[in-house]
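Asker: A single structure is presented below for examination.
The values are calculated or read from the model by the stated rules, or taken from the named source; none is laboratory data. No experiment lies behind these values; they were computed from the predicted model shown. Backbone-built Cβ (ideal geometry, glycine too); neighbour counts: all protein chains shown. For accessibility, only protein heavy atoms count, side chains too; no ligands or nucleic acids. Shrake-Rupley method; radii C 1.70, N 1.55, O 1.52, S 1.80 Å.
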Amino acid sequence: MRDSIAHRLRVEVDGTVQGVGFRPFVYRLARELELAGWISNKSDGLLIEVEGESGAVETFLHRLETDAPASARVETLMTAVIPAQGGSSFSIYTSTGSGQRTLVIPPDLATCLDCRRELADPTDRRFRYPFLTCTQCGPRFSLLTAIPYDRPNTTMAGFGLCSACRTEYEDETDRRFHAEPIACPACGPHVILWDEEGRDVAGGDEALRKAAALIREGFIVAVKGLGGFQLWVDAGPGEAVQRLRSRKR
């Protein structure tokens with residue numbers, strides 16, 4: 001039988017624990033175990049306060065490491081007993097900038113199977129939308145401008161969420177719950193093709209197809225993404241590669 005006496009712990013978690021869906025994972029775990037408290041990002045990891053029956057709290061600590069998201073890596077986990085405060089809810093708090101800036105941010109994560117299914121589904125609102133992402137995939141390191149890892153500290157800060165994306169972001173059952181780079185065609189960035197004079201040539205799918213055609217024809221295409229520029233050429237015949245090398249000296 002579990003100890004009915006409420007225990008409250010302050011838990012500091014360091015490692016690769018931001019940008020990997022760790023806060024949504026902790027939120028759902030605490031709700032499952034009927035624990036109260038909160039979680040917040042900080043400059044060097046995560047800060048959690050959790051309160052409930054001692055057995056449930058012990059299970060919570062154990063599963064923080066055993067059940068963590070696949071891309072997460074818990075390096076240190078420090079706990080301290082603090083006075084119980086009561087309460088029955090668990091929340092995700094606004095991030096703080098406290099702590100030394102030693103946070104480990106994961107690299108950009110390859111598109112997951114769920115997002116790939118959406119990308120290929122003509123009935124999905126993100127059909128062929130190149131900037132789709134969720135808590136388990138998408139850009140991370142390349143779009144970060146500051147820490148902790150929150151949308152205002154990324155290159156997505158200027159894109160306000162539409163009502164549909166906002167609903168997904170706030171729905172604890174959705175895989176985009178607190179997915180910071182969340183976007184869709186209604187509220188996120190779009191693809192536009194410009195010519196060498198800076199004039200709009202095409203948009204959306206047509207821009208992608210025309211850019212691919214230009215590369216096949218031997219042109220150099222500069223691709224501006226969320227985290228900077230890439231230069232694309234056809235590496236087969238070699239002429240475009242040599243021209244790029246010459247221009248880049």
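Asker: Pairs needed: first member in segment 59-80, of a type in the set (Lys, Arg); second member anywhere, assigned to a helix (DSSP H, G or I); C-beta distance under 7 Å; at least 6 residues apart or different chains.
Answerer: Matching pairs, first to second residue: ARG63/LEU29.
Asker: Identify the residue in segment 133-178 that is hydrophobic (A, V, I, L, M, F, W, C), part of a loop (DSSP other than H, G, I, E, B) and in contact (Cβ under 8 Å) with a residue 60 or more places away in the chain and, among all such residues, is surrounded by the fewest Cβ atoms within 10 Å (Cβ to Cβ). So that I can check it myself, show each step before the final result.
Answerer: At the first step, the residues of segment 133-178 found to be hydrophobic (A, V, I, L, M, F, W, C) are 134, 137, 141, 143-144, 146-147, 156-157, 159, 161-162, 164-165, 177.
Right, trim to part of a loop (DSSP other than H, G, I, E, B) and you get 146-147, 156-157, 159, 161-162, 177.
Filter once more, so that each one left must be in contact (Cβ under 8 Å) with a residue 60 or more places away in the chain: 147, 156, 177.
Numbers: ILE147: 19, MET156: 22, PHE177: 21.
The residue in question is ILE147.
Asker: Residues in segment 30-72 that are within 20 Å of ASP150 (Cβ to Cβ) and part of a loop (DSSP other than H, G, I, E, B): how many?
Answerer: Residues that pass the stated criteria total 6.
Asker: If you take the residues of segment 14-29 that are at negative phi and in a strand (DSSP E or B), which of them is most open to solvent (accessible area, probe 1.4 Å)?
Answerer: Here is the first cut: in segment 14-29, the residues at negative phi are 14, 16-18, 20, 22-29.
The next check asks that each one be in a strand (DSSP E or B); those that pass are 14, 16.
Working: ASP14: 39, THR16: 18 Å².
The residue in question is ASP14.
Asker: A further question on this structure: So is GLU75 under 23 Å from PRO148 (Cβ atoms), of a type in the set (Asp, Glu) and either within 17 Å of the chain's Cα centre (by Cα) or surrounded by fewer than 15 Cβ atoms within 10 Å (Cβ to Cβ) (or both) or not?
Answerer: Working: under 23 Å from PRO148 (Cβ atoms): yes; of a type in the set (Asp, Glu): yes; either within 17 Å of the chain's Cα centre (by Cα) or surrounded by fewer than 15 Cβ atoms within 10 Å (Cβ to Cβ) (or both): yes.
The answer is yes for GLU75.
Asker: Hey, any hits in segment 179-201 for a residue that's open to solvent by 30 Å² or more (accessible area, probe 1.4 Å), in a loop (DSSP other than H, G, I, E, B) and under 30 Å from ALA30 (Cβ atoms)?
Answerer: Of all residues in segment 179-201, those open to solvent by 30 Å² or more (accessible area, probe 1.4 Å) come to 185-186, 190-192, 194-201.
Those left that are additionally in a loop (DSSP other than H, G, I, E, B): 185-186, 190-191, 195-199.
Next, from what is left, pick out any that are under 30 Å from ALA30 (Cβ atoms): none.
The answer is no; no qualifying residue exists.
Asker: Specify the residue that is modelled with the highest pLDDT; the eligible residues are those in segment 217-249 that are over 26 Å from PRO130 (Cβ atoms) and part of a loop (DSSP other than H, G, I, E, B).
Answerer: ARG249
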